[in-house]
Amino acid sequence: MKKIIISSMLSVIAILCYSQTSLPKGKSQLNLGVGFSEWGVPVYIGFDHSVSNDITLGLELSYRGYRENYNNNNYNHNITGFSGNANYHFNRVMNIPSNFDFYAGLNLGFYVWSSPNNYYGSHSSGVGLAAQIGGRYYFSKNAGLNLEFGGGNAFSGGKFGVTFKL
């Protein structure tokens, strides 16, 4: 049902609005925010650069810390993630106005999982490949809100935050 509602909303926007690119080729933006995760609340900072009117490449750094009770002992963990992403932006193809930005793509990253030496659980560092789908609403010429689902790597459900065009 959610897919039908989202598809209907995107179709109405596409019919009623005019086409513009939210981030023109050669421009960049900075993203900051928090994420959804099974282990703590991650914070992130990301940078996207538009290599064409429809494609961006980006880098992201994330961090989260959380406490776990394992075998009746409390352990503090830290997870730092480094990732790169590529996104396709649907604004031009779907005729969406420039104050909105809808995209989907892939990310590849590495996360460093740090646990105390006396921790005997199964957490470890590793490489992750995942997909994401998201959107932005620009409430001014250079600032907006972002929401993304998927994520992988240091995020297990998604993230939300602010975006600043540079």
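Residue-level check: of (1) more than 19 Å from Val162 (Cβ to Cβ); (2) in a strand (DSSP E or B); (3) touching a Lys or Arg at 6+ places or on another chain (Cβ under 9 Å); (4) of a type in the set (Phe, Trp, Tyr), Trp39 misses just (2).
Under the condition of being at negative phi and among the small types (Gly, Ala, Ser), which residue from the stretch 34-52 is surrounded by the fewest Cβ atoms within 10 Å (Cβ to Cβ)? Talk me through it step by step, then tell me what you get.
Narrowing the stretch 34-52 to residues at negative phi: 34-39, 41-52.
Narrowing the set further to residues that are among the small types (Gly, Ala, Ser) leaves 35, 37, 46, 50, 52.
Numbers: Gly35: 23, Ser37: 19, Gly46: 22, Ser50: 21, Ser52: 13.
Among them, the one singled out is Ser52.
Counting the residues of the stretch 42-52 that are of a type in the set (Val, Ile, Thr) and either in a strand (DSSP E or B) or in contact (Cβ under 8 Å) with a residue 40 or more places away in the chain (or both) gives 2. Filtering Tyr119, Tyr88, Tyr75, Tyr137 for residues that are surrounded by fewer than 15 Cβ atoms within 10 Å (Cβ to Cβ) and over 18 Å from Gly35 (Cα atoms) leaves a single hit, Tyr88. Scanning the stretch 53-72 for residues that are surrounded by 14 or more Cβ atoms within 10 Å (Cβ to Cβ) and not in a strand (DSSP E or B) yields a total of 2.
No lab work stands behind these numbers, since they all come straight from the coordinates. Just so we're clear, the structure is a prediction, and the values are computed from it rather than from any experiment. For neighbour counting, all protein chains shown are included, and Cβ atoms are generated from backbone atoms with ideal geometry for every residue, glycine included.
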